[in-house]
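The values are calculated or read from the model by the stated rules, or taken from the named source; none is laboratory data. Computed from a predicted structure; not experimentally measured. Here Cβ is always computed from backbone atoms with ideal geometry, including for glycine, and neighbour counts include all displayed protein chains.
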Amino acid sequence: MNTVEIASAVKRGERSARDVVAEALERAENDRFNIWTAIDPDGAIRSAEEVDRRVGRREDPGPLAGVPVALKDLIDRAGEITTCGSAFYRFEAVRSAEVVERLERAGAVVIGRVGLHEFAYGFTSENPWFGPVRNPHDPELSAGGSSGGSAAAVAAGQVPLAVGTDTGGSIRVPAALCGVFGLKPTHGRVSLRGVFPLAPSLDTVGPIAGSVADLAAGYLAMAGWDTADPWSRSRPVVTPGRAREDLRGLRIGVPSDWVDGAATTDEVAEGFSRAAAAITSLGAEVDTLDLGLAFRPDRVAELVGGEAARVHRRWLAEGRPYGEDVRRRLERAVGVDLDTYLEAREWQETVRRRFERAFETVDLLMTPTTGTTRKPIGRETVATLQGEMHHREVLSQFTSLVNVAGCPALASPLPGETPPPSLQLIAPWWAEHRLLEVAATLAEARVIADWTPRGGV
């Protein structure tokens, strides 16, 4: 059962939240993809029983009543240890993160914490301290990162909904590699309070799910202003409408300067081309446009590194243990001086203006989510039509500019290989509802793929 079905059945008394959660715990405890860093069976059952008591008292148990949720292990939950996938960081939270409090008020039940790339600073979740999170489509493949455990838990059918974070693609990349749905909200839409930072001016929190409806349900529970979070913004949260019969009147731009020069596989290029044709057949106007943008991994690294250094500089100086890849990135990050960081911020403003200009002529932008959906565990490079390239560039080339701009984006699986290619839709700031409405229409028309659990448990 998916999120919407579970909540509906629990609220009607057709299923108990306790039974739903007990089944999810059994699946998680029999996991064979190294997804979980901690499972909380006793706490989860107590939370589920409280949902059932609310139902029994005829109180509203919330829109996510009894829904089992996986939590990325850099988000605080009261009484639990946050590890950030680190060898040394152990923080026992006194208070839960705002996003956890919102989910639990909505009736969701957190059953445990899932693995990630160390300190969220990478795209593979091949963690040197906890082991690699494996892809339910093929355990020799990476689940992506940094929210690899969140996407894998959904893809394996262990939970219908998971929470991830996204600084340069860390929700959308693992969603793409695991063949599920992921939503990166507008920066400032979902509170960052209680979430361990990577680069706060780019960090976002959002849902990963097995369907558009589940994604929307998770997003609506998480979103909202938090006065205690300096990055949070007070903007109305619009509930998405139902799927439409077609997409007539919708204008979608394909940024040719961004897409045409990107490294992809045949499957990704062909899947994107088929999706564009199918969307056109639904009545949307799909045109190419030139944003005047180039993917600048150097500038992205300077933006993220300039902020990550603030968090990690002292620990590096103390000789704390980091995995080799994260240590290398952090050592470069601490070398980002103020002039370089400010130049990167100026570039960021240019990117934002060009997105603004694009949204004056189109309603949405459309790209692939990642250049490939297959990253073998243990290999630094991936195969593309342009040859072997470092995985980080191929996985982040379509996602990281969205974080730089700050606008929302949705990743959805397309029909195709296993794992399938993934489509990224990008909307103007605060228009998550538009993404979810269009995605619902595409799901009804079977332009984006039906999702089924992979690999058993």
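Among (1) more than 24 Å from Gly406 (Cα to Cα); (2) assigned to a helix (DSSP H, G or I); (3) not basic (Lys, Arg), which single condition is Tyr322 missing?
That leaves (2) as the condition not met.
If you take the residues of the range 275-298 that are at pLDDT below 95 and in a helix (DSSP H, G or I), which of them is surrounded by the most Cβ atoms within 10 Å (Cβ to Cβ)?
Ranking the candidates gives Pro297 first.
So is Arg392 farther than 23 Å from Thr288 by Cα and of a type outside the set (S, T, N, Q) or not? Steps first, answer last, please.
Working: farther than 23 Å from Thr288 by Cα: yes; of a type outside the set (S, T, N, Q): yes.
Considered against the rule, which asks whether it is farther than 23 Å from Thr288 by Cα and of a type outside the set (S, T, N, Q), Arg392 comes out as yes.
Under 6 Å by Cβ, and 6 or more places apart or on different chains, what pairs join a residue from the range 179-200 that is touching a residue at least 24 places away in the same chain (Cβ under 8 Å) with one that is part of a strand (DSSP E or B) and hydroxyl-bearing (Ser, Thr, Tyr)?
The qualifying pairs are Phe181/Ser412; Lys184/Thr204; Pro185/Thr204; His187/Thr204.
Hey, any hits in the range 370-389 for a residue that's under 28 Å from Ala243 (Cα atoms), modelled with pLDDT of 95 or more and among the aliphatic types (A, V, I, L, M)?
Checked the range 370-389: no residue is under 28 Å from Ala243 (Cα atoms), modelled with pLDDT of 95 or more and among the aliphatic types (A, V, I, L, M).
Output yes when any residue across the range 241-262 is surrounded by fewer than 20 Cβ atoms within 10 Å (Cβ to Cβ), aliphatic (A, V, I, L, M) and either farther than 19 Å from Ser422 by Cβ or in contact with a Leu (Cβ under 6 Å, 6 or more places away or on another chain) (or both), and no when none is.
Yes, that holds for at least one residue.
Among residues belonging to the range 21-46 that are buried (at least 22 other Cβ atoms within 10 Å of the Cβ) and of a type in the set (Gly, Ala, Ser), point out the one that is nearest to Ile111 (Cα to Cα).
Ala44
Could you check, for the range 334-344, whether at least one of its residues is under 23 Å from the mean Cα position of the chain (by Cα) and either under 23 Å from Thr280 (Cα atoms) or surrounded by fewer than 17 Cβ atoms within 10 Å (Cβ to Cβ) (or both)? Write out each step before concluding.
From the range 334-344, those under 23 Å from the mean Cα position of the chain (by Cα) are none; that's our starting set.
No, there is no match, as no residue in the range 334-344 is under 23 Å from the mean Cα position of the chain (by Cα) and either under 23 Å from Thr280 (Cα atoms) or surrounded by fewer than 17 Cβ atoms within 10 Å (Cβ to Cβ) (or both).
Quick check on my filter: what residues within the range 147-173 are crowded, with 24+ Cβ neighbours inside 10 Å, small (Gly, Ala, Ser) and within 14 Å of Trp36 (Cα to Cα)?
Residues of the range 147-173 crowded, with 24+ Cβ neighbours inside 10 Å: 147-156, 158-173.
Filter once more, so that each one left must be small (Gly, Ala, Ser): 147-153, 155-156, 162, 164, 168-170.
Passing the criteria: Ser147, Gly148, Gly149, Ser150, Ala151, Ala152, Ala153, Ala155, Ala156, Ala162, Gly164.
If you go through the range 230-271 one residue at a time, how many are in a loop (DSSP other than H, G, I, E, B) and under 20 Å from Glu432 (Cα atoms)? Please lay out each step first, then the result.
Narrowing the range 230-271 to residues in a loop (DSSP other than H, G, I, E, B): 230-250, 260-265.
Within this subset, residues satisfying the condition of being under 20 Å from Glu432 (Cα atoms) are 231-250.
Counting residues in the range 230-271 that are in a loop (DSSP other than H, G, I, E, B) and under 20 Å from Glu432 (Cα atoms) gives 20.
Among Val99, Val109, Val133, which is modelled with pLDDT of 95 or more and under 21 Å from Tyr322 (Cα atoms)?
Values: Val99 fails: under 21 Å from Tyr322 (Cα atoms); Val109 fails: under 21 Å from Tyr322 (Cα atoms).
The match here is Val133.
When you look at Leu316, is it touching a Leu at 6+ places or on another chain (Cβ under 7 Å), assigned to a helix (DSSP H, G or I) and without any contact (Cβ under 8 Å) to a residue 40 or more places away in the chain, yes or no?
Values: touching a Leu at 6+ places or on another chain (Cβ under 7 Å): yes; assigned to a helix (DSSP H, G or I): yes; without any contact (Cβ under 8 Å) to a residue 40 or more places away in the chain: yes.
So Leu316 passes the test.
Being among the hydroxyl-bearing types (Ser, Thr, Tyr) and over 23 Å from the mean Cα position of the chain (by Cα) is true for just one of Ser232, Ser273. Which residue is that?
Ser273
Within the range 359-383, track down each residue that is of a type in the set (Ser, Thr, Tyr) and surrounded by fewer than 20 Cβ atoms within 10 Å (Cβ to Cβ).
First, pick out the residues of the range 359-383 that are of a type in the set (Ser, Thr, Tyr): 361, 367, 369-370, 372-373, 381.
Those that are of a type in the set (Ser, Thr, Tyr) and surrounded by fewer than 20 Cβ atoms within 10 Å (Cβ to Cβ): Thr361, Thr381.
Any residue in the range 205-221 that is part of a loop (DSSP other than H, G, I, E, B) and either of a type in the set (D, E, K, R) or in contact with a Ser or Thr (Cβ under 7 Å, 6 or more places away or on another chain) (or both)? Give the steps one after another, and end with the answer.
Pass one, the range 205-221, residues part of a loop (DSSP other than H, G, I, E, B): 210-211.
Imposing the further condition that a residue be either of a type in the set (D, E, K, R) or in contact with a Ser or Thr (Cβ under 7 Å, 6 or more places away or on another chain) (or both) reduces the set to none.
No - not one qualifying residue is present in the range 205-221.
Looking at the range 235-269, which of the residues that are of a type in the set (Lys, Arg) and under 24 Å from the mean Cα position of the chain (by Cα) is modelled with the highest pLDDT? Lay out the reasoning, then the answer.
Of the range 235-269, the ones of a type in the set (Lys, Arg) are 235, 242, 244, 248, 251.
Within this subset, residues satisfying the condition of being under 24 Å from the mean Cα position of the chain (by Cα) are 235, 242.
Numbers: Arg235: 96, Arg242: 92.
Across the range 235-269, the extreme among qualifying residues is Arg235.
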